[in-house]
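In what follows, a structure is listed as structure tokens, so that the remarks can point back to it.
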Amino acid sequence: MRLTTKGRYAVTAMLDVAYHSEKRPVSLTDIAKRQNISLSYLEQLFSRLRRAGMVEGVRGPGGGYQLSRDAKLINIADIITAVDEPLDSTRCGGQGNCQNDQPCLTHDLWMGLSEQIRLYLSTINLHDLLQRKNVRRVAQRQDRRVKITAVITAPREEAGAETGG
């Protein structure tokens, strides 16, 4: 199975929302900065995630996205499926027409692998991932990196005003 960028980015962005929306809604701009994902690409992904009922938008100052249900109820397989990413290891998309409109010799093997991947990813939810020390450590590192970058790239006048200089 080849998971494309779309599926990987959707899972990454949803995990970012799950982590950061514990405090407040998360803007796509913030996700884009932390995860190095194009803002326009995130807009496309979140349109699909919103239609799938996984996130909801919050309007106004301090707005952004938050999970529409508990992180325990959103599994990784559902996220990948929501952005139209197939969980399929076959060449034929599971159609069984891989060799002259008939199943190939290894069709059942790849179908079985696809099902195992789907089962595995359906047993992991966003809450489970958030409980992993490594995930929290990486999220904290990303937050620090974005804050440092913001300070370094701030115009001198603003930086001087903040320090009283």
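The values are calculated or read from the model by the stated rules, or taken from the named source; none is laboratory data. Keep in mind that what you see is a predicted model, and the values were worked out from it rather than measured. Glycine gets a Cβ as well: all are built from the backbone with ideal geometry, and neighbour counts include every protein chain shown.
Is it the case that some residue within region 102-111 is in contact with a Gly (Cβ under 9 Å, 6 or more places away or on another chain) and within 18 Å of D16 (Cβ to Cβ)?
no
Is it the case, given these coordinates, that T106 is without any contact (Cβ under 8 Å) to a residue 12 or more places away in the chain and of a type in the set (V, I, T)?
Yes.
Residue check, Q142 against (1) at pLDDT below 90; (2) outside the structural domain of L28 (by TED's automatic domain parsing); (3) of a type outside the set (F, W, Y), all met but one. Which one?
(1)
From the list G7, G94, which one is within 24 Å of V138 (Cα to Cα) and either touching a residue at least 60 places away in the same chain (Cβ under 8 Å) or surrounded by 16 or more Cβ atoms within 10 Å (Cβ to Cβ) (or both)?
Being within 24 Å of V138 (Cα to Cα) and either touching a residue at least 60 places away in the same chain (Cβ under 8 Å) or surrounded by 16 or more Cβ atoms within 10 Å (Cβ to Cβ) (or both) holds for just one of G7, G94, which is G7.
Out of all the residues in region 63-83, is one or more at pLDDT below 95 and loosely packed, with under 12 Cβ neighbours inside 10 Å?
No, because not a single residue in region 63-83 is at pLDDT below 95 and loosely packed, with under 12 Cβ neighbours inside 10 Å.
Hey, which of the helices (runs of 4 or more DSSP H) in region 11-107, taking only ones fully inside, have at least 1 residues that are touching a Lys or Arg at 6+ places or on another chain (Cβ under 6 Å), under 21 Å from V135 (Cβ atoms) and not polar (S, T, N, Q)?
Because the criterion is at least 1 residues that are touching a Lys or Arg at 6+ places or on another chain (Cβ under 6 Å), under 21 Å from V135 (Cβ atoms) and not polar (S, T, N, Q), the helices (runs of 4 or more DSSP H) in region 11-107 that meet it are 76-82.
Look at region 130-148 and say how many of its residues are touching a residue at least 24 places away in the same chain (Cβ under 8 Å), charged (D, E, K, R) and more than 13 Å from Q35 (Cα to Cα).
Qualifying residue count, region 130-148: 1.
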